[in-house]
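This report concerns only the one structure given below.
The values are calculated or read from the model by the stated rules, or taken from the named source; none is laboratory data. Since the model is a prediction, treat every value here as computed from it, not as a measurement. Ideal geometry is used to build each Cβ from the backbone, glycine not excepted, and the neighbour counts take in all protein chains shown.
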């Protein structure tokens, strides 16, 4: 596939050779096999990827604030002409390709939001397969509802990067975001959108510097164990050595029926499940479904106690035999020992959750 890296005027960034590469550079198409992660990490390579990814994030929000054309030149420099795009918004998904499609998606945000500010809370990159993640907080006023209140939202941006001796380009972009008030208004089971202006908060109080002396492979192993424990035939007891006793699971969308308590709607902990409840939910879910969870991408920050995980589960309803897949991208906050303290997760709804959100059950 042509990379089109010589078709732009931007100076090409040349990578320092890291020695033997563990995984060949991948094309823009998402792989379906699980990534195999080892302890080796190339910090210089990850810094370069994080720098590129952060540029794209800032250009994206510049376009939301000022209009998509304000982002065109920078995105043209940083993204391949064939760049692939995907987004998931609970019941609405979008998919496209090319710079003009990226600008189209930016324009959707520009028309919906009067952007007040944005800030990148954490980034991470995997030097084995050149994947970038960023968690972004943004503040805005709703243009659609004409509401003068300042709302808070969050976005995870995941990027596939082509990085070799001649090229540093974003080949694919996958985003998941907090639901805006007008997004919430189309979900039949929820109350007025005006009561849902603020997203499920990210637990920033637990965000800290990377623990000194901690091997990132411990964190990656715990993320893998989290996926493993949710697969059929695997014991939930593995979580006893993976999760911190203070562990909390957050529904970042703030709408999933399995994780949200309607009686606490509007409260900070309305869509938070604690340690013991999490194991009960996993066990009851596996009673109803056959589940196979696979990691797609996994990365740990160089300077923060943050990991990012993208996983996919193939699920079969034991009663109906209906098969479906769900994906999620999550932020994993870990303690000094590498055990997970918080998982803040944008997850696709299960089949029964879709029925509930659409008011069919």
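Listed values, structure above:
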item	result
Count of segment 255-284 residues which are without any contact (Cβ under 8 Å) to a residue 60 or more places away in the chain and outside any strand (DSSP E or B)	18
Conditions (1) at pLDDT below 95; (2) not in a helix (DSSP H, G or I); number of the one not met by residue 249	(1)
Conditions (1) under 25 Å from residue 311 (Cα atoms); (2) surrounded by 21 or more Cβ atoms within 10 Å (Cβ to Cβ); number of the one not met by residue 140	(1)
Among (1) more than 25 Å from residue 100 (Cβ to Cβ); (2) buried (at least 17 other Cβ atoms within 10 Å of the Cβ), the one test that residue 146 misses	(2)
Number of positions in segment 230-241 that are assigned to a helix (DSSP H, G or I) and within 15 Å of residue 309 (Cα to Cα)	0
Qualifying residue in segment 80-98 (condition: in a helix (DSSP H, G or I) and modelled with pLDDT of 95 or more)	no
Residue match in segment 181-188 (condition: surrounded by 17 or more Cβ atoms within 10 Å (Cβ to Cβ) and either closer than 15 Å to residue 343 by Cβ or modelled with pLDDT of 95 or more (or both))	no
